[in-house]
Amino acid sequence: MANNDDSAQYLISTVSKRSGVKSDLVRAWERRYQAVTPTRTTGGHRVYTDQDIARLKLLNQATNNGHSISQIAQLTLEELKKLVNGEGENISLNLGLNNSDKAFIAEDYIEKCYAAVLAFDARALEAHFENAIVELGTEAFIETLLTPLLTIIGERWRTGELRPVHEHMASSIIRSLTYILRNNNPCPEGAPRMIVSTPIGQLHELGALLAAIMAELKGWEVTYLGANLPAEEIAAAVKFTGASAVTISISFSTDDHLIPKELRRLKKLIGHDVALIVGGRAAGHYETVLDEIGVLNIESYDHFRRILDHLATQHRQQRLAAK
């Protein structure tokens, strides 16, 4: 496939490490099948792009699954994703990468993604996101790239370097990638169920959306309701689905008493048998009321996963006891 990207910057040693394809095999795939077509520096060295690395990673996975390189080398990146994962399935091909490798790759992508946001280049931002998902896998993409990037965007918006429209553009693209990030595999029978939303007045939904994705990856059956719902409606969804947990995201604090009132109301409506989990940038602002009503406050992604594991274990034990 021809490489028309002017962002080529990686030498073959880096490409081999990040893609999991040995250097001599990369050269063979180039020479025989034009799987990637690197550009060259003035000194004659091959240089590759993020998309080249993503292609090689997918080609490596596909050939490991039994596909012939001669038959798949000319497929587009999207076609390769479908071949490896099936239509709409979650992409997670971070072969052989340890946490430090992922952190290094994520930092590189954060710089590129922020530059695309600043330039208001939606197409470049989407391409960077798609390539990063392939390289990092969903969980590392959310934790090491997306969450820090959103924090930076929020900070730069408040200082005036970015306009609200920059944040809206980035958020729109993230929402459009949900079909890639979400776990579309069928939930196991008897999987615990969860409702995810934001309280009334909380219009920013990305934190809730990412929490829903993380819960799905842990095997939960998630009903995502979007943003800005009153306690009565969230509680109704719990009743309709038989959910054993509700996760709420709070992104912005306010001086009024609406959020504490809604949290108290929601906990009363869902009762003690349904866990109420709260996270988000502004959750700490309401620590007093969270402690008062017995809410599980998310401290980090690892903490959220531990909460999910604990609740899932409780759910299994209750199901066994009921038989």
Next item on the list: Determine the gain in length on full extension of the stretch Glu287-Phe240; use 0.36 nm per residue of separation and subtract their C-alpha separation, reporting nm with one decimal.
Entry: 14.0 nm
Checklist line | Estimated inter-spin distance, Ser300 and Arg163, nm [label 7 Å along Cα→Cβ] | finding: 3.8
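Cα-based Rg of the stretch 266-317 per 2.2 N^0.38 Å, rounded to two decimals? Before the final figure, lay out the partial values.
Values: Rg = 11.6 Å, N = 52, 2.2 N^0.38 = 9.9 Å.
This ratio for the stretch 266-317 stands at 1.18.
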Next item on the list: Averaging sequence separations of C-alpha pairs under 8 Å and six or more residues apart, then dividing by the length of the stretch 185-276, give the relative contact order as a whole percent.
Entry: 36
Margin query: On the principal axes of its Cα set, how long, how wide and how thick is the stretch 8-128? Give whole Å, largest value first.
Written below: 41, 41, 28
Notebook entry, point to check: Direction-averaged shadow area of the convex hull around the Cα atoms of the chain, nm²?
Noted result: 18.7
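Under a 1.4 Å probe, what is the accessible area of the chain per residue, stated in Å²? Mind showing how you got there, number by number?
Details: 15960 Å² over 323 residues.
For the chain, the per-residue accessible area is 49 Å².
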Checklist line | Distance (nanometres) between label positions extended 7 Å along Cα→Cβ at Glu155 and Ser171 | finding: 2.0
Next item on the list: Only Lys, Arg, Asp and Glu count, each charged at its Cβ (+1, +1, -1, -1), so figure out the dipole size of the chain about its Cα centre, rounded to 20 debye.
Entry: 740
Checklist line | Extended-chain gain in nm, criterion 0.36 nm per residue less alpha-carbon gap, Leu269 and Arg27 | finding: 80.9 nm
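Provide the gained length on full extension for the span Gln34 to Thr313, in nm with one decimal, where the gain is 0.36 nm per separating residue minus the Cα-Cα distance.
Numbers: separation 279, 0.36 × 279 = 100.44 nm, distance 4.98 nm.
Length gained, Gln34 through Thr313: 95.5 nm.
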Margin query: On a straight-distance basis, which lysines could pair with Lys267 in a cross-link, Cα separation under 19 angstrom, same-chain partners fewer than 8 positions away excluded?
Written below: Lys239
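Relative contact order for the stretch 166-235 using alpha-carbon pairs under 8 Å, separation at least 6, rounded to a whole percent?
On the way: 85 pairs, mean separation 25.5, N = 70.
Taking the mean separation of contacting Cα pairs over the length of the stretch 166-235, I get 36 percent.
Carbon and sulfur: what percent of the chain's accessible surface (1.4 Å probe)? Intermediate values should be presented prior to the final figure.
Working: 7890 of 15960 Å².
Heavy-atom surface of the chain belonging to carbon and sulfur, 1.4 Å probe: 49 percent.
Relative to the compact-globule scaling 2.2 N^0.38 Å, provide the ratio for the alpha-carbon radius of gyration of the stretch 90-234. Let's see the in-between values first.
Details: Rg = 15.9 Å, N = 145, 2.2 N^0.38 = 14.6 Å.
My calculation over the Cα atoms of the stretch 90-234 gives 1.09.
The values are calculated or read from the model by the stated rules, or taken from the named source; none is laboratory data. Just so we're clear, the structure is a prediction, and the values are computed from it rather than from any experiment. All Cβ positions, glycine included, derive from the backbone under ideal geometry; neighbour counts span all protein chains shown. Surface areas here come from the heavy atoms of the whole protein model, side chains and all, with no ligands, DNA or RNA. Shrake-Rupley method; radii C 1.70, N 1.55, O 1.52, S 1.80 Å.
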